[in-house]
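Bear in mind these aren't lab numbers, they're just calculated from the coordinates by the rules spelled out. As the structure is a prediction and not an experimental result, all values here were calculated from the model. Quick reminder, even Gly has a Cβ in these numbers, built from the backbone with ideal geometry, and neighbours come from all protein chains shown.
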Amino acid sequence: MAPVEISESQIRQLDLAALQPWLSLSPDALVQQAGSLELHFNWPRADDDPRELSEIAELRLWSLRADAEAPWLPLLLERGGGQLTRHVAMVLPHQFSRTEGIRFAPESLELWITHRLFSLDAWARLHGLSCRQGLGQMAAVLGYELDVSFWAPLSAGAAQ
């Protein structure tokens, strides 16, 4: 699918209409699209505005709403070009350094990624799907290497 263009008006109104094609996909289709979604925010900024997009309150609020309405969003976001990292910065406390980039509060990131892994795995299993490979890739982009034993307690619990 083409990048999703989100207008200033949609941002200000917390309007998720731009995500509608994705919101209407089946869970199977969503898992197949893992890592392919790009969000482009069309937000006016002065040439001398030094803020990163994740430092703009209106964009963060829109992203929080999108994350709440589409909890699978991080699984779908493009990973190599920074879309996933930017989304996580929209929903988590962080600092930005011109030399080091985005720096998350380690405890916040660890809690968020663990929660998201559990919730997306449960969502996928509820629909008879597996997305653990995509979840592992998502975690890796954020600096977490998942050992296969991470999933063992969940697999054992599912068998009971």
Worksheet item: Nearest 20 debye, what's the magnitude of the dipole of the stretch 78-160 about its Cα centre given +1 on Lys and Arg Cβ and -1 on Asp and Glu Cβ?
Response: 220
Worksheet item: Is the shape of the stretch 1-72 best called rounded, prolate or oblate, per the rule: a/c under 1.5 gives rounded, else a/b larger than b/c gives prolate, else oblate, with a ≥ b ≥ c the square roots of the Cα gyration tensor eigenvalues?
Response: prolate
Worksheet item: So for the stretch 1-154: antiparallel DSSP bridges make up what percent, rounded to the nearest 5?
Response: 50
Discussion item. Could you give the length gained by full extension between Ala122 and Glu107, i.e. 0.36 nm per residue of separation minus their alpha carbon distance, to one decimal place?
Written reply: 3.1 nm
Discussion item. Using a Gaussian network model on the chain with a 10 Å cutoff between Cα atoms, which of Ser149, Ser119, Ser26 fluctuates the most?
Written reply: Ser149
Practice prompt. For the chain, find the longest principal axis of its Cα atoms and tell me its angle to the long axis of helix 132-141, 0 to 90°, nearest 10.
Written response: 40
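State the extension gain, in nm to one decimal, for the chain segment bounded by Gln137 and Ser149, taking 0.36 nm per residue of separation less the distance between their alpha-carbons.
Extra length available between Gln137 and Ser149 comes to 2.8 nm.
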Worksheet item: In terms of the Cα gyration tensor, with a ≥ b ≥ c the square roots of its eigenvalues, is the stretch 60-128 rounded because a/c is under 1.5, prolate because a/b exceeds b/c, or oblate?
Response: prolate
Worksheet item: Which shape class applies to the stretch 37-160: rounded if a/c is under 1.5, otherwise prolate when a/b exceeds b/c and oblate if not, where a ≥ b ≥ c are the square roots of the Cα gyration tensor eigenvalues?
Response: prolate
